[in-house]
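Okay, so here's the structure we're looking at.
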Amino acid sequence: MMKLPESVKRLIDVLTEFPSIGPRQARRLAFYLVGRGENALEELSQLIRELKHVKPCAACFLIHQNTAPFCDICADPKRNRAIFMIVEKETDLLSLEQTKHYQGRYCIIGPIPKTGILEEWQKLRLKHMQSLIQKECGGVADEIVLAFNPSSVGDFNASLLIPELRTYAKKITRLGRGLPTGGEIEFADEETLGSALEKRSSEGG
Ligand SMILES: [Zn+2]
């Protein structure tokens, strides 16, 4: 068995832990990196070092690099502080922001497990949003929007959260009536997403 340099072996181990990267791909990436040459590696390691200054927003959990604890959205005084939108992923938030049709704030809850039982950190995020509503909206927000994909999984996720949120908002709405069934927020075009935002519908009582 041929021996690889220790640093390359360790890099392969680290890369193998990345999402959707198997050992074979990790080896390929490691060899690719080694082949990039000194300058490219220096630049890449500098970029990676800077990531330690990136942190989650203290309100919505979007990553940012501000000195203040809040992201640009939460720090923006023009945003409507009485409307919250729950999204699963940062990438969903970014797609929704691009439409410029939404002026409220967000809460990034993370991917909801198929078991229907939220992870502890997800429960904390939900609690955090509830306490923001307590502190800043007198206990009841004007609206909580559930931005889940228009699919049976999205319906399931909504049915999980609605009981937790009902007392915290005058109305709970959902996106997606304008989105194609089975479509994903992240990949929807701006116009479709914009109209799904305009036409959000109330989720019962
Ligand atoms: Zn934020």
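Brief remarks on what is shown
- Taking the DSSP beta bridges with both ends in the chain, the antiparallel portion is around 20 percent.
- Choice from F148, F156, F18 showing the highest fluctuation, given a GNM over the chain with Cα pairs closer than 10 Å: F18
- The chain - charge dipole about Cα centre, Lys and Arg +1 at Cβ, Asp and Glu -1, debye rounded to 20: 420
- The range 65-135 shape via C-alpha gyration tensor axes, a/c threshold 1.5: prolate
- Inter-label distance for K123 and S152, nm, one decimal - labels placed 7 Å from Cα along Cα-to-Cβ: 2.8
- Heavy-atom accessible area per residue - the chain, 1.4 Å, Å²: 61
- In the chain, a dipole from Cβ-located charges (positive for Lys and Arg, negative for Asp and Glu) runs towards its positive end, and of A30, M85, Q130 it is Q130 whose Cα lies farthest in that direction.
- Environment charge at I117 (Cβ cut-off 14 Å; Lys +1, Arg +1, Asp -1, Glu -1): -1
- For the range 82-205: relative contact order, % (alpha-carbon pairs under 8 angstrom, 6 or more apart): 29
- Net charge in the neighbourhood of T16 (other residues with Cβ under 10 Å of its Cβ; Lys, Arg +1, Asp, Glu -1) is 0.
- Of interest is the spacing of the C-alpha centroids, which for the range 137-166 and the range 73-129 amounts to 11 Å.
- Normalising the average separation of contacting C-alpha pairs (under 8 angstrom, six or more residues apart) by the number of residues puts the relative contact order of the range 1-64 at 16 percent.
- Residues of the range 100-127 falling in the label zone of N80, defined by backbone nitrogen less than 16 Å from a point 7 Å along Cα to beta-carbon, are 100-107.
- Efficiency of FRET from Cβ geometry, I63 and E17, R₀ 22 Å, rounded to 0.05: 0.65
- Virtual spin-label span in nm between V140 and T91, 7 Å along Cα→Cβ: 3.9
- Label-point separation in nm, E191 to L33, each point 7 Å along Cα→Cβ: 4.3
- GNM top mover of N39, N66, N149 - the chain, alpha-carbon springs below 10 Å: N39
- Given +1 at the Cβ of Lys and Arg, -1 at the Cβ of Asp and Glu and no other charges, the dipole of the range 101-205 around its Cα centre is 460 debye to the nearest 20.
- In order through the range 71-82: 3J(HN,Hα) via Karplus (6.51 cos²θ - 1.76 cosθ + 1.60), integer Hz, x for Gly, Pro: 6, 4, 5, 5, 7, 6, x, 7, 6, 6, 7, 9
- Stokes-Einstein translational diffusion, the range 1-139 - Kirkwood Rh over all Cα pairs, 1.567 mPa s, 4 °C, in µm²/s: 71
- Theoretical ellipticity at 222 nm over the chain - DSSP helices of four or more residues, -39500 (n - 2.57) apiece, nearest 500: -13500 deg cm²/dmol
- Rolling a 1.4 angstrom probe over the chain with all protein chains present gives an accessible area of which 56% lies on carbon and sulfur atoms.
- Near R36: Cβ cut-off under 11 Å, other residues only, Lys/Arg at +1 and Asp/Glu at -1. The net charge is -3.
The values are calculated or read from the model by the stated rules, or taken from the named source; none is laboratory data. It should be emphasised that the depicted structure is a prediction, and the values quoted were computed from it without experimental measurement. Glycine gets a Cβ as well: all are built from the backbone with ideal geometry, and neighbour counts include every protein chain shown. Calculation scope for accessible area: heavy atoms of the full protein, side chains included, ligands and nucleic acids excluded. Shrake-Rupley method; radii C 1.70, N 1.55, O 1.52, S 1.80 Å.
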